[in-house]
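Student: Could you have a look at this structure, given as structure tokens, before my questions?
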Amino acid sequence: MAHELPGGNKLLQDYKFGFVTDIAADAIPLGLNEDIVRLISAKKGEPGWMTDWRLAAYRHWLTLREPHWARADYPPIDYQASRYYSAPRQRAGKPGEMDPELAKTFERLGVPVHERGALAGVAVDAVFDSVSVATTQRERLKQQGIIFCSMSEAIREHGDLVRQYLGSVVPPTDNFFAALNSAVFTDGSFCFIPRGVRCPIELSTYFRINAISTGQFERTLIVAEPESFVSYIEGCTAPARDENQLHAAIVELVALEGAQIKYATVQNWFAGDAGGKGGIYNFVTKRGHCRGARSRISWTQVEVGAAITWKYPSVILEGADSVGEFYSVAFTHDRMQADTGTKMIHIGPRTRSTIVSKGISTGHSANTYRGMVKILPKAAHARNHTQCDSMLIGSQCSANTFPLIEARNATAITEHEATTSRISEEQLFYLRSRGLDEEAATALIVHGFCKEVLKELPMEFAVEAVKLLELKLEHSVG
Amino acid sequence: MSADVEFELRDLRVKNGAKQILQGVDLTLRRGETHALMGPNGSGKSTLANVIMGHPDYEVTGGDILFHGQSLLGLAPEERAKLGVFLAFQYPVAVPGVSVARFLKAAVEAVRGKSSGGAGGFLKGVREQMKFLEITEAFLDRGLNEGFSGGEKKRLEILQMLLLKPALGVLDETDSGLDIDALRIVAAGVNRLRGPDLTLLVITHYERLLKLIEPDHLHVLMNGRIAFSGGPDAVKQLELHGYDWIRDQVGAEVV
Ligand SMILES: Nc1ncnc2c1ncn2[C@@H]1O[C@H](COP(=O)(O)OP(=O)(O)OP(=O)(O)O)[C@@H](O)[C@H]1O
Ligand SMILES: [Mg+2]
């Protein structure tokens, strides 16, 4: 039986998202088999094609083995000990209103889930364990033909669209965790931006794990029709427990001709305690497909949580002149292990990609950048620029970079720069001589180090990300 | 001139690694005085400046540093800064990605507390001092000392001093790297703060700076000790004869 971790430790006090919401849940039994897959599909009232899709994925998953090539040590996961569906039982209130307990939870997390209190600039889909519990600003978006709803609803209401695009970027057979997700995914967000529409507000999904021994398997699909634009933000947190909970998500982005998708994540899953007990296993497959000419997909991620992160947001650059970008800050502390990076697959001519990765390791943590730039024969004049910097704070942590470049077209240009540095004593002394204490000086140096990535985040989100980084640093330094 | 002792080094001995760099330095600065410190390359001037500010690499093996009669030893650099000690570095380091504006605000808030005028009032003050030092506003958005020329770095050091308004300023070769005009501007910047509330230790190799920031006393550091202390006129002898003049004065003892 898992427990909440005692709150005596500074890190846990700082992780102010580590609380548990006391709410009754509709949970299915532990374990995984075909009946469980059918049960999940039934709970969501899905059409037959979806159930069959899931079952096919499940059967494929059975033939796969858990990958262990990443720089992360953990014991094999017992998939039968996990629960694959748990939905909060919302007390009936006014239609369209959230259970007050849930509303309170999201309020505490700083997520605007009320229509009336909603920030004008952002629409929110709030996912609590296995289900989406609210999606705001839908009417406003609908006026422009934008669909923004939970994945469950999309499967029911927009079946044709979902069927057309689901799994078209990350097929169920892609990898072990993708197959698992395809079989048991419970919710997530669906966004559809019609031709020529510039989405007027930020779309965002907030993922919250609450229930014990439950994995979260969400799935997000964003389709941007020709010449459209959308900026999307994802956030996530979980209670502080001594068990490891699995989060295996899939995000698929499709950008058609001239469309642009900006996808930003601030990942703050519970990272475990100082000794490495507990924390989320964050095993995620994120991939974008620049399907049309001149399309553009950018991933920006600030990874500050999770016990283990295994995540490589990638872009398939198929359309001519399409552009892929990956901006990443990965901060690890205590016993965290992060193995993250990207893949840029250049298929079309004159495709361009930019990779900027900033890894910061503290404590006993391990921080790995793993990247692949692949230039296929038809990608004439493709270009990639990779900048990969690691900063080490303290002497017990480690940083690794595994950049792989494979160029099969002689006209392609790839550039790769990498640095590894310790936080400089001279910089610290300079800032301290100006009155900043060691923590503040370190935070400023780290902030400067990450600046190229942080400036890619939407303004308010960047402010949050900086605060979060500072908080994490505070407990890691000194 | 007031007779209060503002700052005092007593038989200060300092090691860096295995090397004993300062071998017993005595200096007394009274409130509002300006002292010049000269000495050959490698004699320990920057070491002295860094130790005053609390650089963690240097080990104080003996003696004391007293500011208003209170020992600074054992205080962190930031605590010294908050007491009013300021060091204009000989080689200011770059902190990439941290904008000058952000840094100045953090420094001023740390040392002087949040300004009552808010962000607007703060920037107004900064702009005024920048104008005086002829630093263009574009510098506010640049990374701290990132790609700055030698002279630009030195101007920024003095800008910081003007904003932090220290009680004790240690200028480590602020004149090196400055062109003729910049030297005048920077000296005028320093003189702006001069008065009974600022005690200065000016480290330099050249008379030209001391013509612009006139000292009350002159000291020469050689081989980790003060080999000469005298009036400001001694600088002329030094310019004429070099440090041999001191060696002749004090004999073989320090050579
Ligand atoms: N880490 C170190 N290890 C060994 N010797 C050191 C170290 N740091 C400084 N020194 C030596 O200490 C001596 C004093 O250096 P310092 O920088 O204080 O001289 P300075 O008087 O400021 O010289 P300059 O006029 O060239 O600026 C020099 O010989 C220098 O090489
Ligand atoms: Mg020096």
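The values are calculated or read from the model by the stated rules, or taken from the named source; none is laboratory data. Quick caveat, the model's predicted, so the values are computed rather than measured. Note that each Cβ is placed from the backbone with ideal geometry, even for glycine, and that neighbours are counted across all protein chains shown.
Student: Those residues that are aromatic (Phe, Trp, Tyr) and under 18 Å from residue A:268 (Cα atoms), I need them from segment A:202-246; list them, please.
Tutor: The initial filter retains those residues of segment A:202-246 that are aromatic (Phe, Trp, Tyr), namely A:206-207, A:217, A:229, A:232.
A:206, A:207, A:217, A:232, listed by residue number.
Student: Would you please name the residue that is nearest to ligand 2 (Cβ to nearest atom), looking only at residues in segment B:10-20 that are surrounded by fewer than 22 Cβ atoms within 10 Å (Cβ to Cβ) and in contact (Cβ under 8 Å) with a residue 24 or more places away in the chain?
Tutor: So the first thing to find is which residues in segment B:10-20 are surrounded by fewer than 22 Cβ atoms within 10 Å (Cβ to Cβ), and the list is B:10-11, B:13, B:15-20.
Checking the rest, the ones that are also in contact (Cβ under 8 Å) with a residue 24 or more places away in the chain come to B:10-11, B:13, B:15-16, B:20.
Working: B:10: 22, B:11: 22, B:13: 18, B:15: 17, B:16: 13, B:20: 17 Å.
In this case the residue turns out to be B:16.
Student: From the list A:252, A:257, which one is part of a loop (DSSP other than H, G, I, E, B) and either over 24 Å from residue A:471 (Cβ atoms) or modelled with pLDDT of 95 or more (or both)? Working first, answer last.
Tutor: Values: A:252 fails: part of a loop (DSSP other than H, G, I, E, B).
From the options A:252, A:257, the qualifying one is A:257.
Student: Sticking with this one: Count, please, the residues in segment A:260-276 that happen to be at pLDDT below 95 and surrounded by fewer than 21 Cβ atoms within 10 Å (Cβ to Cβ).
Tutor: So the count comes out to 3.
Student: Let me ask something else. Filter segment B:92-108 down to residues that are out of contact with any Asp or Glu (no Cβ under 8 Å at 6 or more places or on another chain) and either in contact (Cβ under 8 Å) with a residue 40 or more places away in the chain or more than 9 Å from chain A (Cβ to nearest Cβ) (or both) and give me whichever is surrounded by the fewest Cβ atoms within 10 Å (Cβ to Cβ). Reasoning before the result, please.
Tutor: Here is the first cut: in segment B:92-108, the residues out of contact with any Asp or Glu (no Cβ under 8 Å at 6 or more places or on another chain) are B:98, B:102-108.
Adding the requirement that they be either in contact (Cβ under 8 Å) with a residue 40 or more places away in the chain or more than 9 Å from chain A (Cβ to nearest Cβ) (or both) leaves B:98, B:103-105, B:107-108.
On the way: B:98: 24, B:103: 23, B:104: 24, B:105: 18, B:107: 20, B:108: 21.
Across segment B:92-108, the extreme among qualifying residues is B:105.
Student: Any idea how many residues of segment B:58-76 are within 14 Å of chain A (Cβ to nearest Cβ) and acidic (Asp, Glu)? I'd like the intermediate steps shown before the answer.
Tutor: The initial filter retains those residues of segment B:58-76 that are within 14 Å of chain A (Cβ to nearest Cβ), namely B:58, B:72, B:75-76.
Restricting the remaining residues to those that are acidic (Asp, Glu) gives none.
Total meeting the criteria: 0.
Student: In segment A:365-478, which strands (runs of 3 or more DSSP E) lie fully inside it and hold 3 or more residues that are surrounded by 22 or more Cβ atoms within 10 Å (Cβ to Cβ) and either more than 14 Å from chain B (Cβ to nearest Cβ) or over 26 Å from the mean Cα position of the chain (by Cα) (or both)?
Tutor: Working: elements: A:366-375, A:383-392, A:398-407, A:413-422.
Answer list for segment A:365-478: A:366-375, A:383-392.
Student: For segment A:314-354, give me every one of the strands (runs of 3 or more DSSP E) that falls completely inside it and has 3 or more residues that are without any contact (Cβ under 8 Å) to a residue 60 or more places away in the chain.
Tutor: Details: elements: A:314-317, A:323-332, A:337-346.
So the answer is A:323-332, A:337-346.
Student: With respect to residue B:168, is the statement that it is of a type outside the set (S, T, N, Q), more than 16 Å from ligand 2 (Cβ to nearest atom), within 14 Å of chain A (Cβ to nearest Cβ) and closer than 26 Å to residue B:4 by Cα true?
Tutor: Numbers: of a type outside the set (S, T, N, Q): yes; more than 16 Å from ligand 2 (Cβ to nearest atom): yes; within 14 Å of chain A (Cβ to nearest Cβ): yes; closer than 26 Å to residue B:4 by Cα: yes.
Judged against the criteria, residue B:168 is a match.
Student: A further question on this structure: With B:34, B:47, B:28 as the choices, which residue is buried (at least 22 other Cβ atoms within 10 Å of the Cβ), under 27 Å from residue B:245 (Cβ atoms) and more than 10 Å from ligand 1 (Cβ to nearest atom)? Full working, then the answer.
Tutor: Numbers: B:47 fails: more than 10 Å from ligand 1 (Cβ to nearest atom); B:28 fails: buried (at least 22 other Cβ atoms within 10 Å of the Cβ).
One residue alone meets the criteria, B:34.
Student: Given the structure, is residue B:154 within 16 Å of ligand 1 (Cβ to nearest atom) and either crowded, with 22+ Cβ neighbours inside 10 Å or within 14 Å of another protein chain (Cβ to nearest Cβ) (or both)?
Tutor: Details: within 16 Å of ligand 1 (Cβ to nearest atom): yes; either crowded, with 22+ Cβ neighbours inside 10 Å or within 14 Å of another protein chain (Cβ to nearest Cβ) (or both): yes.
When the stated conditions are applied, residue B:154 passes them.
Student: Inside segment A:208-242, can you point out the residues that are acidic (Asp, Glu) and farther than 15 Å from residue A:150 by Cβ?
Tutor: So in segment A:208-242, the residues acidic (Asp, Glu) come out as A:218, A:225, A:227, A:234, A:242.
Matches in segment A:208-242: A:225, A:227, A:242.
Student: When the residues of segment A:1-32 are filtered to those that are among the charged types (D, E, K, R) and at pLDDT 75 or above, which remaining residue is farthest from residue A:468 (Cα to Cα)? Talk me through it step by step, then tell me what you get.
Tutor: Applying the first criterion (among the charged types (D, E, K, R)) to segment A:1-32 yields A:4, A:10, A:14, A:16, A:22, A:26.
Filter once more, keeping what is at pLDDT 75 or above: A:16, A:22, A:26.
Details: A:16: 11, A:22: 26, A:26: 33 Å.
The qualifying residue farthest from residue A:468 (Cα to Cα) is A:26.
Student: Let me ask another. In segment B:58-104, which residues are within 16 Å of ligand 2 (Cβ to nearest atom), closer than 30 Å to residue B:136 by Cβ and out of contact with any Phe, Trp or Tyr (no Cβ under 8 Å at 6 or more places or on another chain)?
Tutor: Initial filter on segment B:58-104 (within 16 Å of ligand 2 (Cβ to nearest atom)): B:58, B:87-93.
Still in the running and closer than 30 Å to residue B:136 by Cβ: B:87-93.
Listed by number, the residues that qualify are B:87, B:88, B:90, B:91.
Student: Where in segment A:78-159 are the strands (runs of 3 or more DSSP E), entirely inside, with at least 2 residues that are at pLDDT 90 or above and among the hydrophobic types (A, V, I, L, M, F, W, C)? Step through it out loud before you land on a result.
Tutor: Numbers: elements: A:86-88, A:122-128, A:131-135, A:147-150.
Qualifying strands (runs of 3 or more DSSP E): A:147-150.
For (1) within 25 Å of residue A:111 (Cβ to Cβ); (2) in contact with a Phe, Trp or Tyr (Cβ under 8 Å, 6 or more places away or on another chain), each residue gets a yes or a no:
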position	(1), (2)
A:258	no, no
A:266	yes, yes
A:272	yes, no
A:275	no, no
A:279	yes, yes
A:282	yes, yes
A:289	no, no
A:294	no, no
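Student: Is it true that residue B:199 is more than 14 Å from every other protein chain (Cβ to nearest Cβ), touching a residue at least 40 places away in the same chain (Cβ under 8 Å), in a loop (DSSP other than H, G, I, E, B) and surrounded by 19 or more Cβ atoms within 10 Å (Cβ to Cβ)? Give the steps one after another, and end with the answer.
Tutor: Details: more than 14 Å from every other protein chain (Cβ to nearest Cβ): yes; touching a residue at least 40 places away in the same chain (Cβ under 8 Å): yes; in a loop (DSSP other than H, G, I, E, B): no; surrounded by 19 or more Cβ atoms within 10 Å (Cβ to Cβ): yes.
It is false that residue B:199 is more than 14 Å from every other protein chain (Cβ to nearest Cβ), touching a residue at least 40 places away in the same chain (Cβ under 8 Å), in a loop (DSSP other than H, G, I, E, B) and surrounded by 19 or more Cβ atoms within 10 Å (Cβ to Cβ).
Student: Ok, one more. Say we look at segment B:70-90 and pick out the residues that are touching a residue at least 24 places away in the same chain (Cβ under 8 Å) and within 19 Å of residue A:424 (Cβ to Cβ); which of these is nearest to ligand 1 (Cβ to nearest atom)?
Tutor: B:90
Student: Return the total of residues in segment B:38-57 being more than 10 Å from chain A (Cβ to nearest Cβ), within 11 Å of ligand 2 (Cβ to nearest atom), under 14 Å from the mean Cα position of the chain (by Cα) and without any contact (Cβ under 8 Å) to a residue 60 or more places away in the chain.
Tutor: Of the residues in segment B:38-57, 1 are more than 10 Å from chain A (Cβ to nearest Cβ), within 11 Å of ligand 2 (Cβ to nearest atom), under 14 Å from the mean Cα position of the chain (by Cα) and without any contact (Cβ under 8 Å) to a residue 60 or more places away in the chain.
Student: Anything in segment B:205-224 that is in a strand (DSSP E or B) and either on the phi > 0 side of the Ramachandran plot or out of contact with any helix residue (DSSP H, G or I) (no Cβ under 6 Å at 6 or more places or on another chain) (or both)? List them, or say none.
Tutor: So in segment B:205-224, the residues in a strand (DSSP E or B) come out as B:217-222.
Residues satisfying the conditions are B:217, B:219.
Student: Sticking with this structure for a sec: Among residues belonging to segment A:44-67 that are loosely packed, with under 12 Cβ neighbours inside 10 Å and touching a residue at least 60 places away in the same chain (Cβ under 8 Å), point out the one that is farthest from residue A:180 (Cα to Cα).
Tutor: A:45
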